[in-house]
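Okay, structure first, notes after.
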Amino acid sequence: MKHFKLITGFVLIVFFSIFLMSGPAEANQQYYSVQNHLVRWFEFKEDPFLIDDIEVNLKSKQKLDGFYRQRSFDPIWTTDEGLEDFSRDFIGLLKKSSEKGLFPAEYYVEEIDLLITELFNTNDDYYKAQLLTRLDLMLTDSFFVYLTDILSGRIDREEEKRVWLKDDLNINLKEILNEVYVEQDIENIFSINENLDIRIPEYKIILENLSLYQQAQNGGGWSNISGGDILRSGDRGERVKQLRERLQNEPGQWLNLESDNPDYFDQELQRAVFNFQQKHGLLLTGQVGENTLQALNKTAEEIIKTMKINLERIRWLYQNAQETYIIANSPSFSMQFVHRGEEVTRERTIIGKKNRPTPVFSSYITSIVFNPRWYIPESIAVNDYLPHVKEDISYLEERNVKVYQETDSGFQEVNPEEIDWEEQYENELEYYFWQEAGPWNALGDVIFQSPNNYHVYMHDTPEQYLFENQIRSFSSGCVRVQNAINLAEYFVEHFAEQEWEEIQEIRNENNETVINLQERIPLHFTYFSVWVSAGDQIRIYDDVYEKDEHLKEIYFSQ
């Protein structure tokens, strides 16, 4: 690094020596050079960002310094005559960043417009060079910040605060910007690098729907429907007319709700209610009760904010997004498996209760356990099992749970009748509860092992009837999957050495067996309250764990 600075310093001395030794015409040309102004700004710490009362604070000074030195301070967005054409394309992209749920003001769009206006209004060549220098620096800084926001999100989900540039990104921002300069095509470069819609197709569909809701908001949104009794097919009145008007304004509405009797609840209006309920993850009744009315009376602005924070959540996945993955999404009570860009299956899930929510994290499925024994977590043992055992020790036998104690020689089974359970406390439980494999086992026939600190996994369940419920938050944090054995079969056939026939024999023997996968399957436990159905239709779900308001507060205040 020291050698680099010495060499840079030598280059600058030579540069200014040539500048001073040049003839009047050549010196004058360098005097008005953007490159010369960039050299002066970085080496002599001039601050050209004071424009009357406007001050711009750069967010990526360190990256800027390295980038421009690498280019020998050659400008990228400007020439000594003015802006490059692709610079104007980029400015247009920044101005439309709100369409992606971002904030144009964070990329200096007003200040850039002011500089361009100044540029057109000046005949002073020296001042023109200063303005072009400022534009070049501001656009480069905006590029680094905007691309980082697009590829990883504005908010750091761990620290829960605005982060302008993340150091842990496996992305060479400087290299991408050099590509822009070489290709002179900002749209193409961004479409190559901002490929979330390819990695996670739902991103593009939510963006398209965000645009529809923004149009609705710009058009004045919609009026509330008055409270009252449940509205049903065949009803008449002012509230039915309000309902019709509201659904006519619903973004993406494709039914024709024009009627000679707008205050009459006809079959077409009922179809529109069904569509709305499906879109919002509501019980499909075709009637407007309390929950449906509440969803209908949400403003366009409220839904837009919800869409924006969910776009942010998708951007958090960018670094881990691959062609093959599983997303287990809590608000939709569903999981989807995508293999090589094609969706293989989408299944219903059961998620954690509100007081034991399924966490949000990413991992990999590394193996499948058939006929799993359930090693009951301590928290469940002390909170769910111990109180029942103290009342009636047969509770363990009824659930095929055995008790073990850890000794110097390993785990030894203990007769529960010989234990004084009244001496066992929540913070001093000396024993382990293990549930044997079988049709009674809480994990069902199969568990998908994915290393994580939460001890949360996807697995089967013997309680298949629970999948018939619309709201399925019954577990202690793990995700139960409907038709889990079908998913396991696919994994064995595509990612394991064994044949499915061998697995069938193992299942019949009822012995716990681990099948290692030859390829790790990325698994994302997510929280998308706005998501997309199998038919590529937007879905707006209930905020089941009440996480949205907290993220909105962070996202829209920073």
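Every number here is computed from the coordinates shown, using simple stated rules; none is lab data. All figures in this text were calculated on a predicted structure; none of them were measured in a lab. Note: ideal-geometry Cβ built from the backbone for every residue, glycine included; neighbour counts use all protein chains shown.
Among DSSP beta bridges lying fully in the chain, give the percent that are antiparallel, nearest 5. The partial results should precede the final answer.
Numbers: 49 of 57 bridges.
For the chain, the DSSP antiparallel bridge percentage is about 85.
State whether the stretch 281-322 is rounded, prolate or oblate according to the following rule on the C-alpha gyration tensor (a ≥ b ≥ c being the square roots of its eigenvalues): a/c under 1.5 gives rounded; otherwise a/b larger than b/c gives prolate, and the remaining case gives oblate. Before the final figure, lay out the partial values.
Values: a/c = 5.97, a/b = 2.16, b/c = 2.76.
The shape class here is oblate.
Using only the alpha-carbon atoms, how far is helix 300-316 inclined from the longest principal axis of the chain? Give it as 0 to 90 degrees, nearest 10.
Value to nearest ten degrees: 90.
By how many nm would the segment from residue 320 to residue 117 lengthen if fully extended, with 0.36 nm per residue of separation less the alpha-carbon distance? Don't jump to the answer; show the numbers that get you there.
Numbers: separation 203, 0.36 × 203 = 73.08 nm, distance 4.24 nm.
Full extension from residue 320 to residue 117 adds 68.8 nm.
Does a label point 7 Å from the Cα of residue 181, set along Cα-to-beta-carbon, have any residues of the stretch 136-169 with amide nitrogen under 13 Å, and which are they?
Under cut-off, by backbone N: 136-137, 140-141.
Please work out the FRET efficiency for the pair residue 543 and residue 125, using the Cβ-Cβ distance as r and a Förster radius of 56 Å; give the result to the nearest 0.05.
Numbers: r = 58 Å, r/R0 = 1.03.
That pair, residue 543 with residue 125, gives E of 0.45.
Could you give the angle, 0 to 90 degrees to the nearest 10, between helix 500-509's Cα long axis and the longest principal axis of the Cα atoms of the chain?
40
Quick one: Cα convex hull volume of the stretch 200-299, Å³ per residue? Present the calculation step by step, with values, prior to reporting the outcome.
Numbers: hull volume 10.1 nm³, N = 100.
So the per-residue hull volume is 101 Å³.
Relative to the present Cα-Cα distance, how much length would full extension add between residue 345 and residue 170 at 0.36 nm per residue of separation? Could the numbers behind the result be given before it?
Values: separation 175, 0.36 × 175 = 63.00 nm, distance 3.05 nm.
Working it through step by step, the gained length comes to 60.0 nm.
Less than 12 Å Cβ to Cβ from residue 135, Lys/Arg counted +1 and Asp/Glu -1: what total charge do the surrounding residues give? Mind dumping the intermediate values first?
On the way: positive: 88, 128, 134; negative: 84, 111, 113, 118, 136, 141.
Overall, the nearby charge balance is -3.
Per 0.36 nm of contour for each residue apart, how much would the distance between residue 40 and residue 230 grow if the chain were fully extended, relative to their Cα-Cα spacing? Don't jump to the answer; show the numbers that get you there.
On the way: separation 190, 0.36 × 190 = 68.40 nm, distance 7.19 nm.
Length gained between residue 40 and residue 230: 61.2 nm.
Can you give me the distance in nm between label points at residue 204 and residue 297, each placed 7 Å from the Cα along the Cα-to-Cβ direction?
Going from the residue 204 label point to the residue 297 one covers 3.9 nm.
Hey, got a sec? Which GluC sites (Glu not before Pro) in the stretch 471-508 land in a DSSP loop and have at most 11 other Cβ atoms within 10 Å? Intermediate results must be reported in sequence, preceding the final value.
Numbers: sites: 489, 493, 497, 499, 501, 502, 505; in loops: 497, 499.
In loop regions of the stretch 471-508 (DSSP not H, G, I, E or B), the sparsely surrounded GluC sites (Glu not before Pro) are 497, 499.
So what's the gap between the Cα centers of the stretch 376-449 and the stretch 499-534, to the nearest angstrom?
Using only Cα atoms, the two centres lie 26 Å from each other.
Would you please give the FRET efficiency between residue 404 and residue 464, computed as 1/(1 + (r/R0)^6) with r the Cβ-Cβ distance and R0 = 22 Å, to the nearest 0.05?
Numbers: r = 29 Å, r/R0 = 1.33.
Computed FRET efficiency for residue 404 and residue 464: 0.15.
Report the local net charge at residue 374: Lys and Arg +1, Asp and Glu -1, summed over other residues whose C-beta lies under 11 Å from its C-beta. Provide the component values of the computation, followed by the final result.
Details: positive: 373, 399, 402; negative: 436, 512.
Here the charged neighbours net out to +1.
Could you work out the per residue convex hull volume over the alpha carbons of the chain, in cubic angstrom?
Details: hull volume 131.3 nm³, N = 558.
Once divided by residue count, the hull of the chain is 235 Å³.
What net charge do the residues around residue 487 carry, taking every other residue with its C-beta under 10 Å from that of residue 487, with Lys and Arg at +1 and Asp and Glu at -1?
Details: positive: none; negative: 347, 460, 489.
Neighbour charge sum, excluding residue 487 itself: -3.
Provide, as a two-decimal number, the C-alpha radius of gyration of the stretch 374-436 over 2.2 N^0.38 Å, N being how many residues it has.
Values: Rg = 10.8 Å, N = 63, 2.2 N^0.38 = 10.6 Å.
Working it through for the stretch 374-436, the quotient is 1.02.
What are the extents of the Cα atoms of the stretch 32-194 along their three principal axes, in Å, largest first?
Computed over the Cα atoms, the extents are 48, 31, 30 Å.
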